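The block underneath contains the structure these notes are about, expressed in C-alpha cells.
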Amino acid sequence: VEKRQEWLDCAVQGGEFLKKYGHDGDYNWYFSLDRSGRPLVEPYNIFSYTFATMAFGQLSLATGSQEYADIAKKTFEIILSKVDNPKGKWNKLHPGTRNLKNFALPMILCNLALEIEHLLDPGYLEQTMETCIHEVMDVFYRPELGGIIVENVDMDGNLVDCFEG
C-alpha cells in the first residue's frame, strides 16, 4: 500500500488518543472507550495489550518516534508478565477447575512479535517464533482429528471433554 500523509495523520491522531485515554496510567489497556475517552470495559483482556503494542510498534516504525517505540516495548513486557494469567484479577474462572491452555495466546504472540520485530532483539524474536510454532504445531494441531487445530487443551496438552475443549 502506498504511503499517504492523511493515513499517517489519522494513525497519529488515534495513537495520541490511545496514549492519553487508552490505559490506566500504568499501561493496563482498556478493552473499549467511549468517544470522549472514558473507559467502558476494564483492562481485563490481554488482547487489548497486544493490539496496543501492535499499534504503537507500527506507529513508531511509520513516524520514527522513540516515545511510541517505548510504549510498545513497555506494553510488550507487561504482556509477557501476564502470559500465565492473561486476565489477572478479572479471571472469572473458579480456581482449580478447567485449567485450560488456549490457542489464541500463542497465535497472537507470534503475530505480535512479527509486527514489532524492529523493536526486538533478533535472538529473542527467533526464540519467540520457535516457541509459538511449537505450541501451535505440537500442542493444538491434531492430525488424529483430521488435521484441525483445537482452541483449548488441558495444561498437559490433552484434549478436554467439555464445551471449551
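Relative to the longest principal axis of the Cα atoms of the chain, the long axis of helix 66-82 makes an angle of roughly 20 degrees.
Rounded, prolate or oblate: which fits the range 8-56, taking a ≥ b ≥ c as square roots of the Cα gyration tensor eigenvalues, rounded meaning a/c under 1.5, else prolate when a/b beats b/c? In terms of gyration-tensor shape, oblate. Using a simple spin-label model with pseudo-atoms 7 Å out from Cα toward Cβ, residue 104 and residue 130 lie 2.9 nm apart. Each other residue within a Cβ distance under 14 Å of residue 145 adds +1 if Lys or Arg and -1 if Asp or Glu, for a net charge of -2.
Within the accessible area of the chain, what % is carbon and sulfur when the probe is 1.4 Å and the other protein chains stay in place?
Of all accessible area on the chain, carbon and sulfur atoms account for 54 percent.
Which Cys residues of the chain have no other Cys Cβ less than 4.7 Å away and so no disulfide-compatible partner by this rule? When partners are defined as cysteine Cβ atoms under 4.7 Å apart, the chain leaves 10, 162 without one. Measuring nothing but alpha carbons in the range 121-165 and taking Rh as the Kirkwood radius, the Rg to Rh ratio lands at 1.10. The fraction of all Cα pairs in the chain landing in successive 10 Å bins from 0 to the largest distance is 9, 33, 32, 20, 6, 0, given as whole percents.
Close amide H pairs (under 5 Å, H built 1.01 Å from N) link residue 33 with 40, residues at least 5 positions away or on another chain.
Compared with the dominant principal axis of the Cα atoms in the chain, helix 5-21 is inclined by about 70°.
The values are calculated or read from the model by the stated rules, or taken from the named source; none is laboratory data. None of these values were measured; they are calculated from a predicted model. Quick reminder, even Gly has a Cβ in these numbers, built from the backbone with ideal geometry, and neighbours come from all protein chains shown. Just so you know, the surface numbers come from the protein's heavy atoms only, side chains and all, with ligands and any DNA or RNA stripped out. Shrake-Rupley method; radii C 1.70, N 1.55, O 1.52, S 1.80 Å.
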